[in-house]
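Here's the structure, in structure tokens; my notes come after.
What follows draws every value from the coordinates through simple rules; no lab data is involved. Because the structure is a prediction, the values reported are computed rather than measured. FYI the Cβ positions are ideal-geometry reconstructions off the backbone, even for glycines, and counts take in every protein chain you see.
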Amino acid sequence: MKDAMSTKSKDEQTNARQANRVMLQERVKFHAPHNCEGKSIDIGAGGLGVEMDQPLAVGTLVEVEIFNGKATALGTVRSSVAKGNAYRIGIQFKEEDWAVMEMVMAYSQQKG
């Protein structure tokens, strides 16, 4: 069942992904729209999956600190789905975050 906050079906969300993702489980800090934390699930050159204890509205612009504080990325919430007592948040990075994308690609190759 789709959460009321999500605007896309699961198939649409899966098909919308342009880049492969790798598992990444670490603490993620949000600096915008407000300070909060989550746990990353996976990451790719185009975005990040995060588990949080609160939802974020689809379309929200976010600033997120990743790779243990080594990078900060700007993105847009593309999905926010309830999963048990948590929320699975899908974030699409902005295209201009090339430094972050290079770090993701380097991380992917190490894990590959």
In debye to the nearest 20, how big a dipole does segment 10-111 give about its Cα centre with +1 on each Lys and Arg Cβ and -1 on each Asp and Glu Cβ? 260 debye
What number does segment 55-112 give for Rg over Rh if you use C-alpha atoms and the Kirkwood radius? 1.02
Qualifying GluC sites (Glu not before Pro) in segment 39-112, DSSP loop, other Cβ atoms within 10 Å at most 15: 95, 96
Test of understanding: extend the Cα→C-beta vector of residue 25 to 7 Å, then name every residue of segment 41-58 with backbone N under 12 Å from that spot. 41-42
Other-chain or far-sequence residues with amide H under 5 Å of residue 58's (modelled H): none
Residue by residue through segment 81-92, what is 3J(HN,Hα) from phi via Karplus (6.51 cos²θ - 1.76 cosθ + 1.60, θ = phi - 60°)? Round to whole Hz and write x for glycine and proline. 10, 5, 9, x, 8, 10, 10, 9, 10, x, 10, 9
Cα-based Rg/(2.2 N^0.38 Å) for segment 10-111, rounded to two decimals, is 0.97
